[in-house]
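Q: Got a structure here, written out as structure tokens. Questions coming.
The values are calculated or read from the model by the stated rules, or taken from the named source; none is laboratory data. What you are looking at is a predicted structure, and each value in this text was computed from that prediction instead of being measured. Neighbour counts run over all protein chains shown; Cβ positions are idealised from the backbone, glycine included.
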2 protein chains.
Amino acid sequence: MSIRSFHPPVRTLMGPGPSDVHPRILEAMARPTIGHLDPRFIDMMDEMKALLHYAFKARNELTLPVSAPGSAGMETCFVNLVEPGDTVIVCQNGVFGGRMKENVERCGGKTVLVEDEWGMPVDPNKVADALKTHPEAKIVAFVQAETSTGACSDVETITRLAHEHGCLVIVDAVTSLGGSPLEVDEWNVDAIYSGSQKCLSCTPGLSPVSFNQHSIDVIKNRKTKVQSWFLDLSLVMNYWGGGTKRAYHHTAPINALYGLHEALVLLQEEGLENAWQRHRDMHIALKAGLEAMGLRFIVPEAARLPQLNAVAIPDGADDVQVRSALLNRYGLEIGAGLGALAGRIWRIGLMGYSASPKNILLCLSALEAVLAESKASIAAGAAINAAQKVLADRGY
Amino acid sequence: MSIRSFHPPVRTLMGPGPSDVHPRILEAMARPTIGHLDPRFIDMMDEMKALLHYAFKARNELTLPVSAPGSAGMETCFVNLVEPGDTVIVCQNGVFGGRMKENVERCGGKTVLVEDEWGMPVDPNKVADALKTHPEAKIVAFVQAETSTGACSDVETITRLAHEHGCLVIVDAVTSLGGSPLEVDEWNVDAIYSGSQKCLSCTPGLSPVSFNQHSIDVIKNRKTKVQSWFLDLSLVMNYWGGGTKRAYHHTAPINALYGLHEALVLLQEEGLENAWQRHRDMHIALKAGLEAMGLRFIVPEAARLPQLNAVAIPDGADDVQVRSALLNRYGLEIGAGLGALAGRIWRIGLMGYSASPKNILLCLSALEAVLAESKASIAAGAAINAAQKVLADRGY
């Protein structure tokens, strides 16, 4: 056996994540590793917490990056807040609501499912009904930005409804954090998790989470131990909790944390609201181009996420063949449909560093070239101008 | 708020891990991120499996790096193999046996504890007794290389005993993989987990695991779902299982995996048995120096791990003050004692890239300088010569 160093090709990542990683973040990943109890590393952890407070718009003491990808952040929320026998209202309007249901059941909880069509936002009226018919419910869990469809749900309204019935909320913000409006304190979100590889433009592998005092009280009053040792916040807190006395829990992923720190510094330099605006602007430009090409969004306009653009695959186009051609000829990755939408849609990400004029031009021109060659029924020739006009109007 | 990029100091890492990371691994971490379903990434995953087979000396199909630190690798073994009501014999001779017990109990299992003094290896006779008095036991779990004490236990013998009683074994190889002899196939180990940041010299954050067919059969015949969605191998396998059809489970930590791939390429270039020999040689040199200084190992010679050297803190030396002086003046990190050994021992790691003549000379000379200034009772002046002699004899 003789395997050599792996040199990845250079791609443009416009799928559902990972997004393009900013060169400053890649550079940060390669800085010298130091110990997880080194005083300088502890200082970095304090900065990380302040930066996450900024990104989440939350002042929660219990705010930290879980040492694993977004799915583990989701699991952190469920295993700490759900006890056997608890009822959880789970809103499902895509893949990730289904994953939440799996989590509840593996914690011994009971799920009340509130279903909406894939591509639609969560309907707050249905949530209100479920809260009325299930007064025993303890938690409402839902996804703000459904990565599988590109639909954005109304966190503020659903959270208010849940609180009126004495429920906590768990919010999936994997694809929203840093890309579209999110106000954790203002909206009184109890528990929230995200991912490093979407609108923060960092490498995948970390999951920022934040819990308010209400959540902490629930965790402190548990009757049973958290079923995961690795994700047990009462233990993790001893390391991330703050102060100079940090107790070893597990070895932190040092260099991945350097990367997330740099990603958050970049976000702070740009300004959070500016980043939201940039995602909106890029979305409008991309949308103008895609629609000029004749492509159709699957999410109603009012509920569309700027950072995840799901469009129906046009008649005559072969899903796999088109995505392969984009990847092989232009190094461009766009996302396939998941679950019920596999083979029916493409997901074009405009996340973080990927949300740029140059990526939009590449995507539109490459997609048009590939589709024009296939038997797809599209309108060729107008996409770039339509997008360019939006970009110019908005000062890019 | 204005937080700037984090620039870590350059350290020499001779604690219990992370160890010094090879520059080639840091460089690999900074390569361009690609998608977790990119065909080129899938090729890299196949190479990763082959490289892990080499490092573990195992041909198990179910061999992969868990997307989180070693503690999550431990939890992967327990949540997949233990069902509520199962009896697990857990051998405890340090911190990590205690963590195994926590894992068993959080899976609803019953623990039979086989205890040995911290600093001693697991006594196979006690394991044999426990197997006789607990014929209902399903699993024997133990640590090969106890990172908290530096004691090495006999995997081959304990595994044979367990199998004679129809038990599976779960082995913690976090600190042993790549640093001291480990023969997963030859010894018929059923389930094993390790960490990236010890003798593989990679950054922390990944946990290589391997499961043989016997383990897979047990997982396939479970009556209950695995309590962790994130660590459920029946799902993770769909991504890491092999073949061209990889199903999305969670987003893999792409750049961290580049790093582990490079670490394993380095191991393959050196040769696994050569790496074991280097760890032994460096240990003997360091030991000569430490003993010349009058320091005393806490583990009996026959059970000492070369890669983790636990020595009693000499009379008159202040634990924190000495370690701080080493860090602040020489950039040298050595490890404190954990649990029952806190304040009583130092743990000097010689892991992976840290197991080098230059690190030994730095460690001995810096430690001697700092101890000589304190009121510690040591024999100054002989350490470097003693170590140098060993290094020269062994051709370094």
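Q: Residues being more than 10 Å from chain B (Cβ to nearest Cβ) and either crowded, with 22+ Cβ neighbours inside 10 Å or touching a residue at least 12 places away in the same chain (Cβ under 8 Å) (or both): count how many of those fall in region A:261-273. Reasoning before the result, please.
A: Kept after step one, since they are more than 10 Å from chain B (Cβ to nearest Cβ), are these residues of region A:261-273: A:263, A:267, A:270-273.
Subset that is either crowded, with 22+ Cβ neighbours inside 10 Å or touching a residue at least 12 places away in the same chain (Cβ under 8 Å) (or both): A:263, A:267, A:272.
Summing the residues that are more than 10 Å from chain B (Cβ to nearest Cβ) and either crowded, with 22+ Cβ neighbours inside 10 Å or touching a residue at least 12 places away in the same chain (Cβ under 8 Å) (or both) in region A:261-273 gives 3.
Q: Report the residue count in region A:8-19 for those that are more than 7 Å from chain B (Cβ to nearest Cβ) and surrounded by fewer than 23 Cβ atoms within 10 Å (Cβ to Cβ).
A: Going through region A:8-19 one residue at a time, the tally reaches 1.
Q: For the condition touching a helix residue (DSSP H, G or I) at 6+ places or on another chain (Cβ under 7 Å) and charged (D, E, K, R), what is the one hit in B:129, B:154?
A: Testing whether each residue is touching a helix residue (DSSP H, G or I) at 6+ places or on another chain (Cβ under 7 Å) and charged (D, E, K, R) leaves just B:154.
Q: Please go through region A:350-360 and pick out each residue that is surrounded by 21 or more Cβ atoms within 10 Å (Cβ to Cβ), assigned to a helix (DSSP H, G or I) and within 13 Å of chain B (Cβ to nearest Cβ). Even if it seems obvious, please write down each step before you answer.
A: The initial filter retains those residues of region A:350-360 that are surrounded by 21 or more Cβ atoms within 10 Å (Cβ to Cβ), namely A:350-352, A:354-355, A:359-360.
From the residues that got through so far, the ones that are assigned to a helix (DSSP H, G or I) too are A:352, A:354, A:359-360.
Passing the criteria: A:352, A:354.
Q: Still on this structure: Among the residues of region B:300-349, how many are part of a helix (DSSP H, G or I) and of a type outside the set (Lys, Arg)?
A: Result for region B:300-349: 16.
Q: Restricting region A:31-43 to residues that are of a type in the set (A, V, I, L, M) and surrounded by fewer than 22 Cβ atoms within 10 Å (Cβ to Cβ), which is farthest from the other protein chains (Cβ to nearest Cβ)?
A: Top of the filtered list is A:42.
Q: Could you give every pair whose Cβ atoms fall below 6 Å, whose first residue belongs to region A:97-118 and is away from chain B (no Cβ under 14 Å), and whose second residue is in a loop (DSSP other than H, G, I, E, B), counting only separations of at least 6 or pairs across chains?
A: Pairs that qualify, where the first residue is away from chain B (no Cβ under 14 Å) and the partner is in a loop (DSSP other than H, G, I, E, B), are A:112/A:134; A:116/A:93; A:116/A:122; A:116/A:123; A:118/A:94; A:118/A:149.
Q: Let me ask you something else. Out of (1) over 20 Å from the mean Cα position of the chain (by Cα); (2) under 26 Å from residue A:183 (Cβ atoms), what's the single condition that is false for residue A:43?
A: It fails just one condition, (2).
Q: Cβ-Cβ under 6 Å, sequence separation 6+ or interchain: first residue in region A:378-392 and assigned by TED's automatic domain parsing to the domain that holds residue A:284, partner in a helix (DSSP H, G or I) and modelled with pLDDT under 95. Which pairs?
A: Note: pairs meeting the criteria are A:380/A:372.
Q: Please give the number of the condition residue A:217 fails out of (1) in contact (Cβ under 8 Å) with a residue 12 or more places away in the chain; (2) not in a strand (DSSP E or B).
A: (1)
Q: Further question: Given the options B:238, B:255, name the one that is at pLDDT 95 or above and either more than 21 Å from residue B:15 (Cα to Cα) or facing another protein chain (nearest Cβ under 8 Å) (or both).
A: One residue alone meets the criteria, B:255.
Q: Something else about it: Please count how many residues of region B:200-226 are polar (S, T, N, Q) and surrounded by fewer than 24 Cβ atoms within 10 Å (Cβ to Cβ).
A: Number of matching residues: 4.
Q: List the number of the failed condition for residue A:288; all other conditions in (1) touching a residue at least 40 places away in the same chain (Cβ under 8 Å); (2) under 18 Å from residue A:152 (Cα atoms); (3) more than 20 Å from the chain's Cα centre (by Cα) hold.
A: Status for residue A:288: all satisfied but (2).
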